[in-house]
Each structure stands twice: as C-alpha cells, then as structure tokens.
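The values are calculated or read from the model by the stated rules, or taken from the named source; none is laboratory data. All values reported here derive from a predicted model rather than from experimental measurement. Neighbour counts are summed over all protein chains in view; Cβ atoms, including those assigned to glycine, are modelled from backbone coordinates with ideal geometry. SASA here: full protein model, heavy atoms, side chains in, ligands and nucleic acids out. Shrake-Rupley method; radii C 1.70, N 1.55, O 1.52, S 1.80 Å.
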Protein chains: 2
Amino acid sequence: MIKLSRLADYSIVLMTQLAGRPSTLMQAPDLALVTGLPVPTVAKTMKQLVQAGLVQSQRGAKGGYVLVRAATDIPVTEIITAVDGPIALTDCTVDEDGVCEIEALCPTRTNWRKINDAVIGALREVTLADMTPQMAPFVPHRPYVPVANAAAGE
Amino acid sequence: MIKLSRLADYSIVLMTQLAGRPSTLMQAPDLALVTGLPVPTVAKTMKQLVQAGLVQSQRGAKGGYVLVRAATDIPVTEIITAVDGPIALTDCTVDEDGVCEIEALCPTRTNWRKINDAVIGALREVTLADMTPQMAPFVPHRPYVPVANAAAGE
DNA sequence: TCCTTTTCAGACTAAAACAGTCCTATATAC
DNA sequence: GTATATAGGACTGTTTTAGTCTGAAAAGGA
C-alpha cells in the first residue's frame with residue numbers, strides 16, 4: 001500500500017501550522033489544540049523535527065517552536081525523511097552494497113534504484129509552502145484547562 | 001520510511017522471472033527455486049497476481065503460470081497495486097470524501113493528492129520489461145528433493 | 001535564589017499490520 | 001481413477017508502529 005507513517009503525516013500538518021505563522025513561537029499544547037492531535041504525540045513529533053534541524057526550539061517558560069527556514073525552502077521529502085528515515089521503496093535501495101540475501105537472484109536492484117529516485121524526485125518538487133494554503137490568521141490564546149479541573153468544573 | 005511490502009517486492013521478482021521466459025509454463029516450486037523464496041510464499045503471491053489478471057494459471061498436472069500480457073504492457077504500478085492495494089501515501093488520498101477525522105483541520109488534503117499522483121506517475125513510467133534485464137536462458141529442471149530425504153542423504 | 005514553565009531524552013506498553021505456513025477443495029493430464 | 005497443481009481460506013508468530021509516561025535539563029520571572 002506504499003504509505004508513509006502516520007507520524008510523518010502528522011509532521012507535515014504540524015509544519016504547515018508553523019509555516020502559517022512565521023516567527024511565532026508555538027508551544028506543544030498550542031499545536032495540539034490547532035491540529036487536534038494529542039499533546040504527547042505532538043511533543044514526540046516535534047522532537048524529531050528539532051533533531052533534524054527543521055525546527056528550532058526554545059526551552060523554559062515562554063518557550064516553543066519556530067521554523068528555522070522559510071517554508072519555500074523546505075521540500076516535503078526533508079520532513080518525511082526526518083521522521084520516517086530515508087525514503088526507500090525496497091531494502092535494496094537503502095545501501096550501496098546490498099544486504100539483500102537473494103541479491104544474486106535479483107537483477108532488478110539497479111532498476112529499483114531508478115524507481116526510487118523517480119519517487120524522491122516527485123516528492124522533492126513539492127515544498128512545505130505548497131502544502132500551506134489558507135491559514136487561520138493568528139494563534140488563538142488557548143483556553144487550556146487541566147482535565148481534572150475541567151471535570152470538577154462541570 | 002515509505003516502503004512497499006516485501007510481498008510486493010517478491011511479486012516483481014516473480015513477474016520478471018515469468019517475463020524472461022515468455023509462454024513458458026512455470027510452476028510454483030520452479031519459481032521458488034529460481035528466486036530463492038519459500039514455496040508457500042510463492043504460491044501466496046502468485047495467487048494474488050492471478051486474481052489481478054496479470055498472470056494466467058493452469059491447474060492440475062503439468063500446470064503452472066504464464067504472463068497474460070507482454071512485459072512491456074505491464075507497468076509496475078499494476079503489480080504493486082495487485083499485491084499491496086491502491087497506492088496511497090496518506091489515508092486522505094484513498095477516498096474522495098475524506099474519512100479523515102481531522103479533515104477540517106487538514107487543509108493539505110488536496111495537496112497530498114497532488115503528491116500522490118506524482119508518485120504514481122513516476123511509477124507508471126516503468127514497465128515490467130524495464131525490470132527484466134538479462135535472464136537465464138531456460139528453466140532448469142528442478143532437482144527437487146524433500147527436506148527429510150536431503151538431510152538423510154547428507 | 002527559588003519556583004514555575006516548557007522542552008528533552010528515553011523507556012515502555014499496547015495495538016495493528018504483515019509475513020509466512022498449513023490444510024482442504026477443485027481442476028487437469030495421463 | 002490416480003497423481004499432480006493450483007485455489008481458497010484460516011491461522012499463527014513476528015515485527016513494526018503509535019501512543020503514553022516519567023524524570024531530567026533549561027529558561028524566565030518573582
């Protein structure tokens with residue numbers, strides 16, 4: 001079914017949120033609120049994006065996340081790779097010298113690489129900016145209420 | 001990591017074997033021998049290729065499998081789809097009307113479809129013939145020995 | 001300086017997807 | 001009629017993945 005992981009999907013959505021509000025520090029709970037994703041999942045994903053150097057983080061009070069580069073400079077391949085690892089349709093295409101145990105019987109290896117490159121090429125054409133259409137004008141201040149209190153308040 | 005399933009990979013390998021010996025009836029054990037794959041796995045994969053109409057099967061003694069069309073007429077997408085189902089990078093791209101629960105918050109859906117089409121386009125360029133380079137000239141008659149006997153023979 | 005807020009790092013658990021195997025039924029050739 | 005092959009489906013074990021949780025580190029403000 002050739003699909004990318006759900007986390008990679010999330011990461012694109014999160015990145016578009018950051019892209020829609022350039023130079024605005026957004027915190028994990030904010031992003032969770034805006035995207036509808038659970039906070040821990042957002043945190044986990046953002047972690048990976050920071051490590052990949054796509055997002056800059058600021059710790060501590062008034063912390064949050066910002067894009068490092070402009071959205072037009074970020075191909076979606078880079079986001080996907082950051083979360084899912086290198087794009088490789090088959091195991092053959094991962095290493096130069098195949099670890100493929102049936103390599104001798106698999107004359108299609110070089111052709112796989114061609115296909116792989118074609119897919120990567122198709123993905124590299126698209127930037128984060130292309131994925132960021134109309135966007136809500138600003139970050140709503142979040143009416144964040146701890147669950148326990150919220151339940152008690154009802 | 002955007003990868004196709006191992007079964008899809010196998011199916012390409014198996015198809016190239018059939019493509020290399022046009023109009024030759026090959027049996028599951030033969031294909032297993034040539035590819036190095038276990039027989040049950042070959043059988044399972046061939047089953048799906050037959051159902052997809054890519055391969056014709058003949059039951060009974062002297063049975064086996066043949067390609068229905070010429071290798072040049074079979075895009076790899078079709079093989080992959082037969083085994084893995086439709087190519088869909090995200091769940092968004094599967095249906096027309098999204099079943100996506102965060103659809104309202106996901107303005108990237110149409111853009112995903114563009115990316116998806118780009119990938120499919122890249123894959124459609126490649127036919128089975130492109131994946132079938134040099135091939136062993138004929139089907140070796142198989143020196144098939146049941147495992148038990150083989151062990152006893154050693 | 002201390003306390004609060006927020007990210008960082010890693011481990012852990014549960015669930016889903018997948019590969020692979022096996023058994024029985026059906027069709028064909030001799 | 002018997003031997004040989006595929007067809008169809010169910011089943012199991014493994015791997016991958018999603019998601020959660022806990023403690024540590026860093027920054028801001030009182």
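Below is a table of values for the structure above.
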{"item": "In order through the range B:43-51: 3J(HN,Hα) via Karplus (6.51 cos²θ - 1.76 cosθ + 1.60), integer Hz, x for Gly, Pro", "result": "4, 4, 5, 4, 3, 5, 5, 5, 4"}
{"item": "Accessible area buried, both sides summed, chains B and A with 1.4 Å probe, Å²", "result": "3600"}
{"item": "The range A:70-77 - phi-based ³J(HN,Hα) in whole Hz, Karplus 6.51/-1.76/1.60, Gly and Pro as x", "result": "6, 4, 5, 9, 10, x, 4, 3"}
{"item": "Under Karplus coefficients 6.51, -1.76 and 1.60, residue-wise ³J(HN,Hα) of the range A:114-127 in Hz, glycine/proline x", "result": "4, 4, 4, 5, 4, 5, 4, x, 4, 6, 6, 5, 9, 9"}
{"item": "For residues of A:113-125, the mean tally of beta carbons on other chains within 10 Å", "result": "5"}
{"item": "Residue B:87 - accessible surface, heavy atoms, 1.4 Å probe, Å² rounded to 10", "result": "20"}
{"item": "Net charge contributed by nearby residues that have their C-beta within less than 15 Å of residue B:83 (K/R +1, D/E -1)", "result": "+2"}
{"item": "Partner lysines for residue A:3 [C-alpha distance under 25 Å; skip if fewer than 8 residues away on the same chain]", "result": "A:44, A:47, A:114, B:3, B:44, B:47, B:114"}
{"item": "Under 5 Å, built H, 5+ apart or other chain: amide partners of residue A:5", "result": "B:2"}
